[in-house]
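The structure under discussion appears below in the form of structure tokens.
The values are calculated or read from the model by the stated rules, or taken from the named source; none is laboratory data. These numbers come from a predicted model, not from an experiment. A quick note on method: Cβ atoms are made from the backbone with ideal geometry, for glycine too, and the neighbour counts reach across all protein chains shown.
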Amino acid sequence: MSARSTIVIERWTRESRVALAVAALAAVLLAFGPAWLSANSVDRLTTLFIYVILAVMWNALVGYCGLVSIGQQAFFGLGAYFAVRLADSGVSVYLSLFLAAIIVGALSLPLSALMLRLKGGEFAIGMWVVSELAHLIVNLDTLINGETGTSLIALNAYATDLRRALTYWCAFAAMAGLLAVVFFLLRGPIGAAIQAIRDNEQAAESIGVRVTRAKRTIFVLAAFGAALAGALWVATAVTFQPKTYFSPQWTAYMIFMALVGGLGTFEGAILGAVVFFAIEAWFGAFGVWYLVGLGAAALVFALALPRGLWGWVEDKTALRLLPVGYRVRFLGAHTAANAPPSERNTA
Amino acid sequence: MIFINQIVQGVLLGGYYALIACGLSFMFSVMRIINLAHGSLAILAAYALFVLADRYDVSPFLGLVAVVPAMALIGAGLQRAVLERSARGGLLVPVLSTFGLSIVIDNLLFQQFGADTRSLAPYIGDLSYDSWSITDDIAIGKLAALTMATAVALLGGIQLFLNHTQLGRMIRATAEDSDTVGLVGVNARRVNALAAAIAMATVAISGAFLAMRATFDPYAGALQLIFAFEAAVIGGAGSLWGTLFGGIVLGVAQSLGASVSPQGFFLAGHGTFLVALFLRLYIGDFGQRLRRFVGKPA
């Protein structure tokens with residue numbers, strides 16, 4: 001038997017086609033959310049959408065690109081700040097949410113030239129310093145009133161129900177849009193490039209991967225996404241207190257979501273956001289112990305299950321719901337065997 | 001003269017930064033791991049000293065006799081339980097696991113001690129405010145001088161230990177190539193556990209000085225990590241005397257910044273860090289390229 005006749009390389013499977021159809025159906029149902037959901041559910045789903053954005057963006061940066069940042073709250077806080085700033089200077093409030101993210105994305109481009117030269121832990125804490133610096137600079141703006149903060153007053157122009165629905169749609173559109181961008185980016189040449197960089201940067205460079213360009217694309221995308229999440233958060237919370245937005249706690253949440261869901265798996269980040277959302281709803285009232293639990297979970301997952309819950313499911317079952325890689329299937333005597341673990345994540 | 005005083009105070013502040021950066025820098029140079037729980041562990045040591053002083057009337061200096069070995073044991077345990085396993089997972093895992101650990105430590109401290117800020121200053125008598133007047137404008141605090149002296153002694157001691165003892169040579173050899181040292185009869189696991197213990201002993205000392213010269217609370221660790229990291233990067237990561245230099249540069253920048261505006265303290269510190277980073281990454285490379293260019297005739 002020649003190798004050609006016994007091996008099939010495939011991306012879409014029956015399960016993943018079903019999963020895509022279910023996801024599309026869910027998207028349509030969610031798009032009309034404010035029409036059939038209670039006010040409370042709409043608010044909670046808006047929060048969930050923002051969590052999904054944070055998890056997916058952090059996962060793209062860390063799980064696919066191998067860049068652990070402890071400073072993504074810099075972009076989260078700056079997104080919220082620019083939204084407040086733009087709305088204050090007369091820009092329509094919902095437009096200013098997206099404009100703020102674009103500004104932060106543009107700012108992250110020159111920053112990437114400096115930060116992306118750092119490796120590992122140096123990059124991680126270097127980004128943390130950047131977020132501290134961003135926090136201090138934002139505090140210098142008299143509009144913010146230092147740590148007292150300010151509010152997104154322009155939101156008062158909208159009636160409560162309309163505001164709730166508009167914020168929901170903005171968050172939904174942002175989530176769906178960013179998920180689609182990441183999905184197609186990972187399936188394309190950039191996806192293959194960044195995963196090669198994550199696994200071995202020198203080797204990737206030696207076979208002609210443009211390391212800097214690929215890293216920069218993901219860095220800017222992650223900054224844009226975190227900024228959009230921050231801007232959306234200020235639209236739901238209304239108040240902007242710099243200390244809350246520039247807190248490393250946001251990064252702790254992102255780490256938890258991406259690690260527990262599954263670092264480096266597309267579905268895992270979404271699963272992680274849902275798990276985090278549920279845990280927060282059930283245990284958030286425990287305060288300090290809840291945070292201890294989040295930290296401990298991050299520690300245990302990093303050591304024992306670095307590919308998270310979804311990574312574990314993938315390894316056990318070779319199940320791919322929203323495939324961003326390819327997989328190899330053996331025919332003939334091996335029909336029963338799906339992709340062996342060594343073939344996983346072949347992009 | 002006020003200006004000179006700012007610089008003098010900055011240099012003395014740099015002594016503290018060198019002290020807190022010492023353990024971080026040492027661990028990075030030996031194990032290639034940046035421990036994100038570094039600051040939180042310093043705060044843990046500070047609380048241990050506070051409990052000894054507050055409940056059992058043990059002077060902080062005497063308390064160190066118990067806390068330094070205890071932190072060293074924690075360091076060895078940390079190496080075995082977390083760092084060693086993390087390092088095997090590549091560059092990513094140590095960052096994630098030690099950050100998770102710092103969240104656990106911070107919040108457990110908060111659970112135990114609440115949000116009150118504490119200080120060891122009340123337990124060290126007049127050392128906390130006594131000073132020598134040099135001129136009318138310049139005074140050198142005794143505690144600040146002691147901090148600086150401790151930093152120099154600790155950094156010098158570690159340097160001597162690494163260069164001139166059997167154990168120091170084993171640590172350096174393990175840092176170079178932990179597989180090969182196994183062939184010549186060095187137990188790399190034990191050496192790394194020892195190195196982590198030394199790093200944590202220095203963390204205990206820096207926690208003591210932090211708590212004596214200022215106040216602390218359960219979430220103060222993050223800022224200490226950042227200061228330590230900045231000092232280490234400005235001085236050139238992995239070099240012990242560079243760490244002292246980096247600490248002093250950071251301290252002077254903050255001190256001068258603070259004299260300009262209230263926010264200037266932190267702004268100048270972080271700004272100096274970024275400038276140092278920029279110089280290291282671009283000018284450092286430029287220097288290399290220049291050398292290569294000169295060395296290779298066209």
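A few points about this structure:
- Hey, A:Trp282 within 18 Å of the chain's Cα centre (by Cα), more than 14 Å from chain B (Cβ to nearest Cβ) and either part of a helix (DSSP H, G or I) or at pLDDT below 85 (or both) or not: no
- The sole residue among A:Ile218, A:Ile255 that is touching a Leu at 6+ places or on another chain (Cβ under 7 Å), surrounded by 24 or more Cβ atoms within 10 Å (Cβ to Cβ) and more than 10 Å from chain B (Cβ to nearest Cβ) is A:Ile218.
- Taken over region B:1-42, the criterion of being part of a helix (DSSP H, G or I) and of a type in the set (S, T, N, Q) is satisfied by B:Asn5, B:Gln6, B:Gln9, B:Ser25, B:Ser29, B:Ser40.
- Total residues in region B:235-256, condition at pLDDT below 85 and part of a helix (DSSP H, G or I): 4
- Answer from A:Leu133, A:Leu166 - the residue that is farther than 12 Å from A:Pro34 by Cβ and in contact with a helix residue (DSSP H, G or I) (Cβ under 7 Å, 6 or more places away or on another chain): A:Leu133
- Residues satisfying the stated conditions in region A:54-71, i.e. away from chain B (no Cβ under 11 Å) and hydroxyl-bearing (Ser, Thr, Tyr): A:Tyr64
- Some residue of region B:43-52 being within 28 Å of A:Glu122 (Cβ to Cβ), within 11 Å of chain A (Cβ to nearest Cβ) and not in a loop (DSSP other than H, G, I, E, B): no
- Taking region B:209-229 as the range and being part of a helix (DSSP H, G or I), more than 10 Å from chain A (Cβ to nearest Cβ) and small (Gly, Ala, Ser) as the test, the residues that pass are B:Ala211, B:Gly221.
- In region A:115-142, the residue that is farthest from the other protein chains (Cβ to nearest Cβ) out of those that are at pLDDT below 85 and part of a helix (DSSP H, G or I) is A:Thr142.
- Residue match in region A:287-301 (condition: more than 14 Å from every other protein chain (Cβ to nearest Cβ), touching a Leu at 6+ places or on another chain (Cβ under 8 Å) and modelled with pLDDT of 80 or more): no
- Of all residue pairs spaced 6 or more apart or on separate chains, those with beta-carbon atoms under 6 Å, a first member in region A:181-204 that is touching a residue at least 24 places away in the same chain (Cβ under 8 Å) and a second member that is in a helix (DSSP H, G or I) and among the hydroxyl-bearing types (Ser, Thr, Tyr) are A:Ile190/A:Thr217; A:Ile194/A:Tyr64; A:Gln195/A:Tyr64.
- Some residue of region A:222-238 being away from every other protein chain (no Cβ under 14 Å) and touching a strand residue (DSSP E or B) at 6+ places or on another chain (Cβ under 7 Å): yes
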